[in-house]
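The values are calculated or read from the model by the stated rules, or taken from the named source; none is laboratory data. Just so it is clear, the model here is predicted, and its values are computed rather than measured. Backbone-built Cβ (ideal geometry, glycine too); neighbour counts: all protein chains shown. For accessibility, only protein heavy atoms count, side chains too; no ligands or nucleic acids. Shrake-Rupley method; radii C 1.70, N 1.55, O 1.52, S 1.80 Å.
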Amino acid sequence: MKFAPLLFRSLPFLTVGSAIAAPAMSNTELWDMRDVRRHPLALESVAAPRRVPLATATKEDWMNRGDAWVAPRAAQSETAATPVPVAAGKQELIVEEIYLTAGVTDNGSNRIYCAVARPADTTGPVPVVMIFHGGGGHASPALALAAARRHPGMAGVAMDYNGQFAARQAERVTQWRIPAPGQKLDLVPDLRNSPMYHYVTAARRTLDWLETAAWADATRFGAVGVSYGGWVALILAGVDARVKCVTTGVSAGGVGHTPGKAAQPLRWEPAEQRPLWLANYEPLAYAPATRAGVFLQLASNDYWFWITGAARQLAALPGPKGWIIRPNSNHGSGGPELSDLAAPAFMRHVLLGTAPLPSVGEFVASDDGLTYSWRVTGPQPVQRTALYWSPGRVGASARYWLELPAARRGDGWTARVPREFAGLAAQTFVNVLTADGLAVSGPLLDRDGTDPWVNPAAPLWRNDAVWDRERGAGAWRVPGGWFPATEITTSLSGGVAFRPTADSREFCALTNSVVLASGRAALHRGLSMRLDAGQSGGVLKLSLLRNSMNLDEHAWTAEVRYDAGVSTHAIVWADFKSETDGTTATTPWPFDALRVSGNRPDGSAIAAEEIGFLVAQANTR
């Protein structure tokens, strides 16, 4: 059986006061494994074991390997490949592939595919890290190797949970004998009618097998989950105490009351079953009972998993916990490159008893909201720390994060917000980088105040810029890993240039920094642009987005025809048409993103030298 590559499609919030349907079983009965365990595992080796080196000459982009929806890391990045010292005698890995049974149906047995990469020549059992791919990925020996190399001295086990991509990419996949999932809820009368039930049950049967493997230390099981695979790992730890530690890659729970893509089932029918889904198949429901340590790697503007929801999940976890937030990033696309060594260090801390990660505490703001202070505790010396400040009350996926440097003050740290932003509503967090390359984040802190998204009295960026021109290309990003690959640079005049790097010659870029201009839009007639198109003309699509990069996104787009060389354009508000129904947007505000896209057949860059408000009478284009 093949599942759709994108697990969540089209996806209203949970309706307060909705009648809750009653299933025929409790949550405890849902996860009772006695019937499943009546059937033998029926282990089958499907490839001869082989040895491969632990060390590699290339950098391992483990998250993109685990899920194609996660944007690949920059090729020049050194942070992902910083080597972890490896004990002598553990320089090779044995790679194996097996099938096991997890449930028997009238149509046959569910055969679960697992790839294993375990240290060779060990004298005893080793800790095991299960790794779960995302909705755009699959299990493979390469993914198991990525897990083992990321956790030297431990075994990596990649379990294929959804059986997709068999014909296109994966030589071997899980063979399900259950009905294919649809875009509806079917939890009454049987709560087990959910793909997640089968995924987690398969993972628990894999743990049953690992408990019998002579090379596996059954007292030290960990789990890593990429994107939707993070939910498999988190729910697994919530229902099975054998899992002692979980780390995720761009994944978290807490999606209730958010329009993140992962909340899509809360828009499915029948509506009365939505609370059942939330109570049984959303990781936050299991957080209070989770005794495993949990570390979340997150993108601040994630389309699927909002950091505000992740904060609720983190607060509900009783055990060791932490997170790292990559600012101005959506599912790995955009934002600064951050070291991702903290997650495996956290795994070693929980499973092996090594030093804990640093933590941020006493994070407070001054009464005027201009000064933030915090303390960092932990055994590692701090190399640098910074404040990330985001203006307005927009949703998590639409925020713009401004990095503000911090200075040490005694045994604490402080950072200052530019004075012109005093009184603005804002959300903030702190990132800390230690001397040995461990990056962690502090808690989210919200401050009430004037909302520039709707208030025309709010300030603009320096020199009354509509977008954060002072930070140049750093204020822009490719919206997501599924958009055309685009090189974004600061032009010589201080504008921003876009060059397509994909074979399609298409480009696309977005900035959320225009949130400061949203409240001012009603005072103006439109936008003005000065373009430098070099040797070729074309059509530029200029889009204003509301609720950008979430299920409630609405885009208004104007097409700007330009010639070669430098040209100036006036785009009145009436030029913007709704991408939903084609109607004219006489008031396309409030907005929280500006997106530019187009095609450059010669592969050259086009520069937006100026983008501002149209304050005079419209000029002829």
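Summary of computed values
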item: Where the Cα pairs of the range 481-542 fall when distances are cut into 5 Å bins, in %; result: 3, 12, 20, 25, 18, 13, 7, 2, 0
item: For H257, solvent-accessible area (1.4 Å; no DNA, RNA or ligand), Å²; result: 120 Å²
item: Cα-based Lys pair tally, the chain, threshold under 25 Å, eight or more apart or on separate chains; result: 10
item: Theoretical gain in end-to-end length, R409 to V454 [0.36 nm per residue, Cα-Cα removed]; result: 12.6 nm
item: Peptide ranges 560-573, 419-432 listed from the most packed, as the mean C-beta count within 10 angstrom indicates; result: 419-432, 560-573
item: Three principal axis lengths of the chain [C-alpha, angstrom, descending]; result: 78, 56, 52
item: Overall form of the range 291-350 per C-alpha gyration tensor (a/c, 1.5; a/b vs b/c); result: oblate
item: Accessible area (Å², 1.4 Å probe, nearest 10) - K541; result: 90 Å²
item: Cα centroid separation - the range 245-296 against the range 351-400, whole Å; result: 25 Å
item: Three-way shape call for the range 194-280 based on the alpha-carbon gyration tensor, with the a/c threshold at 1.5; result: prolate
item: Additional length obtainable on full extension of the chain from V382 to K541, 0.36 nm per residue less Cα span; result: 52.8 nm
item: Amide H contacts under 5 Å for Q383, placed H, 5+ residues apart; result: L433, T434, A435
item: D_trans [Stokes-Einstein, Kirkwood Rh over alpha-carbon pairs] for the range 469-621, 37 °C, 0.692 mPa s, µm² s⁻¹; result: 211 µm²/s
item: Heavy-atom accessible surface of the chain: percent carbon and sulfur, 1.4 Å; result: 52 percent
item: In sequence order, calculated HN-Hα J values of the range 453-467 (Karplus, 6.51, -1.76, 1.60; Hz; x Gly/Pro); result: 4, 10, 9, x, 8, 6, x, 9, 6, 3, 6, 6, 6, 6, 10
item: Distance histogram in 5 Å bins (all Cα pairs of the range 100-185, percent per bin); result: 3, 15, 20, 20, 17, 12, 7, 4, 1, 0, 0
item: Between the range 304-331 and the range 484-523, the Cα center-to-center distance that results, in Å; result: 28 Å
item: Peptide ranges 330-336, 174-180 listed from the most packed, as the mean C-beta count within 10 angstrom indicates; result: 330-336, 174-180
item: For q = 0.11, 0.17 Å⁻¹, Debye-computed log10 I/I(0) when each Cα of the range 156-308 counts as one equal scatterer; result: -0.45, -1.09
item: Peptides ranked, highest mean first, by Cβ atoms within 10 Å: ranges 227-238, 454-465; result: 227-238, 454-465
item: Three-way shape call for the range 227-337 based on the alpha-carbon gyration tensor, with the a/c threshold at 1.5; result: oblate
item: Computed Kirkwood radius, in angstrom, where 1/r is averaged over Cα pairs of the range 120-165; result: 11.2 Å
item: Computed helical MRE - 222 nm, the chain, DSSP H runs ≥ 4 contributing -39500 (n - 2.57), nearest 500; result: -4000 deg cm²/dmol
item: Derived scalar couplings ³J(HN,Hα) [the range 156-162; Karplus, 6.51 cos²θ - 1.76 cosθ + 1.60; whole Hz; x for Gly, Pro]; result: x, 10, 9, 9, 7, 9, 10
item: 10 Å-binned pair-distance histogram of the range 474-517 (Cα, whole percent); result: 28, 50, 21, 1
